[in-house]
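Here the structure comes first, spelled out in structure tokens, and everything after it is commentary.
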Amino acid sequence: MLDMKYLRSNFVEVKERLKFRGEDMSAFEDFEALDQRRRDLLGQTEELKSKRNSVSQEVARLKREKQDADSLIVEMREVGEKIKTLDIELRETEEKLESLLLNMPNIPHESVPAGESEDDNVEVRRHGDIREFDFEAKPHWDVATDLDILDFERAGKVTGSRFTFYKGAGSKLERALISFMLDLHTEEHGYTEMMPPYMVNRASMTGTGQLPKFEEDAFRVEAEDYFLIPTAEVPVTNYHRDEILNGDDLPISYAAYSANFRSEAGSAGRDTRGLIRQHQFNKVELVRFVKPEDSYAELEKLTGHAEKVLQLLGLPYRVLNMCSADLGFTAAKKYDIEVWLPSYNTYREISSCSNFEGFQARRANIRFRREKTGKPEQVHTLNGSGLAIGRTFAAIIENYQQEDGSVIIPEVLRPYMGGKERITKK
RNA sequence: GGAGGGAUACCCAAGUCUGGCUGAAGGGAUCGGUCUUGAAAACCGACAGGGGAGUCAAAUCCCGCAGGGGUUCGAAUCCCCUUCCCUCCUCCA
């Protein structure tokens, strides 16, 4: 959500900035009229309430002194009715205004490249050499199924499409990746580990920006009106919802492992095989609360923390600065990290690192105080995958596969795998 | 799931039965001061925050006792709904 006062005085400029990201602005044209209407109604009702307050004091005084107050009471009855009517109208206006604001996307940062589609994303850097295979590299689902470490077929029977069973060394590898990443981020990068709830309420989904616009992307538990989390970003960012943080404690950094659930509405037919697009997947998510003046420097650090995982795993990757059309609804700036997948012969997204500035903090009401006496200010929130585990699993299987169908385990993971160096057929 | 009890400011806590100088007592913590070589103690002082409207800035006004409705001239106080916490019973990994 954007700042209402800022919008009020910079509406023309904001419209320009949002057009830059390809947004249709017609839905927001009512802003100025609604804002004005709200303030008019507020002025009227507040004036009447002020009158009611003072007259009520007067009535109390008269009653104490055993004098007659009936005429005042009759007069106030009418004022009360007017207030009620005005308040209803005010509430309706505020609801419209809020709905408008909740559907308005974030403003891109000036360092975001202009673009019309994902083709206009700008590659910032590459790391690692792409391996030359002297045999034909197989897709990870074939390698893993042959090794009996993933079972998509039975998952289809037990649940449905886009689910999998990890099995044996596969399950252990997945677990090793989770532990390795959490240990790296907590021990080397200063994050506090967290395990969040996997279901959240509507207010939390609204706080981070999944709602109201993208409800069809989430799985919903109808009886409770809870949502299965699409990312740990939701529970972990909302951890500090409606709080005023101590400025001295910033930046606050959390690394959270969780399963993630996405309906993948609108993705039918895309990436139907393998681990790339599942309804349920594991991820270690990095979430940070920072001071506004630090947020862009912190975004660079955060992205570096995610890259470090790939460097240590020896996986080639590149970093993209997402263009204005591919930013998503909530981000002011976003880097995607893409890992090399031999069977696709391309880089595929494995992490997304974003600076939301005050966009989520305003929705979720997360503030901080610089000094004891200071006014609360909005924090800036950042997050990034560090990394998506399932896609990392796929990248390891594909990049480390051997001609005999076995897979070499990257050295940094071996301590988490009981010293095992290679996954082989039984 | 059943039966009770709670939620008041940073923390503790009175007020709720019996609606009106409660625009919320008192204590603790915190901050400032006196005293002291320094500190502690004691004493004095400050301490409802936050949001909104308004303004160049103020003044001023509105909201605010878990959240949301209602009754009333007037609600922390009466009524209804929701959430969360506690105790006991039941069930359960």
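The values are calculated or read from the model by the stated rules, or taken from the named source; none is laboratory data. Predicted model only: the values in this text are computed from it and were never measured. FYI the Cβ positions are ideal-geometry reconstructions off the backbone, even for glycines, and counts take in every protein chain you see.
Here are the numbers for this structure:
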| read-out | value |
| --- | --- |
| Yes/no for A:GLU110 being surrounded by fewer than 16 Cβ atoms within 10 Å (Cβ to Cβ), at pLDDT 90 or above and within 16 Å of RNA strand B (Cβ to nearest atom) | no |
| Some residue of region A:54-72 being of a type in the set (A, V, I, L, M), loosely packed, with under 14 Cβ neighbours inside 10 Å and within 13 Å of RNA strand B (Cβ to nearest atom) | yes |
| Filtered residue count, region A:203-243, keeping only those that are closer than 21 Å to A:LEU286 by Cβ and under 11 Å from the mean Cα position of the chain (by Cα) | 16 |
| In region A:259-270, the residues that are surrounded by 17 or more Cβ atoms within 10 Å (Cβ to Cβ) and outside any loop (DSSP other than H, G, I, E, B) | A:ASN260, A:PHE261 |
| Elements of type strands (runs of 3 or more DSSP E) contained in region A:306-417, each with 1 or more residues being away from RNA strand B (no atom under 16 Å from the Cβ) and surrounded by 24 or more Cβ atoms within 10 Å (Cβ to Cβ) | A:317-321, A:333-341, A:346-357, A:380-388 |
| Selection status of A:ALA69, touching a Leu at 6+ places or on another chain (Cβ under 6 Å) and more than 30 Å from A:ASN365 (Cα to Cα) | yes |
| Total residues in region A:160-206, condition β-branched (Val, Ile, Thr), in contact (Cβ under 8 Å) with a residue 40 or more places away in the chain and farther than 24 Å from A:GLU421 by Cβ | 4 |
| In region A:213-253, the residues that are assigned to a helix (DSSP H, G or I) and among the hydrophobic types (A, V, I, L, M, F, W, C) | A:VAL234, A:VAL236 |
| Among the candidates A:SER267, A:SER263, residue that is farther than 18 Å from A:GLY384 by Cβ, without any contact (Cβ under 8 Å) to a residue 24 or more places away in the chain, hydroxyl-bearing (Ser, Thr, Tyr) and away from RNA strand B (no atom under 16 Å from the Cβ) | A:SER267 |
| Residue in region A:356-366 that is closer than 17 Å to A:GLY207 by Cβ and either of a type in the set (Lys, Arg) or touching a Cys at 6+ places or on another chain (Cβ under 6 Å) (or both) present | yes |
| Scan of region A:197-212 for residues that are outside any helix (DSSP H, G or I) and within 22 Å of A:ARG362 (Cβ to Cβ), ordered by number | A:VAL200, A:ASN201, A:GLY209, A:GLN210, A:LEU211, A:PRO212 |
| In region A:73-104, the residues that are within 8 Å of RNA strand B (Cβ to nearest atom) and of a type in the set (Gly, Ala, Ser) | A:GLY80 |
| Subset of region A:146-195 (residues that are surrounded by 21 or more Cβ atoms within 10 Å (Cβ to Cβ), under 21 Å from the mean Cα position of the chain (by Cα) and part of a loop (DSSP other than H, G, I, E, B)) | A:TYR191 |
| Residue check for A:ALA256: in a strand (DSSP E or B), among the aliphatic types (A, V, I, L, M) and either at pLDDT 90 or above or more than 16 Å from RNA strand B (Cβ to nearest atom) (or both) | yes |
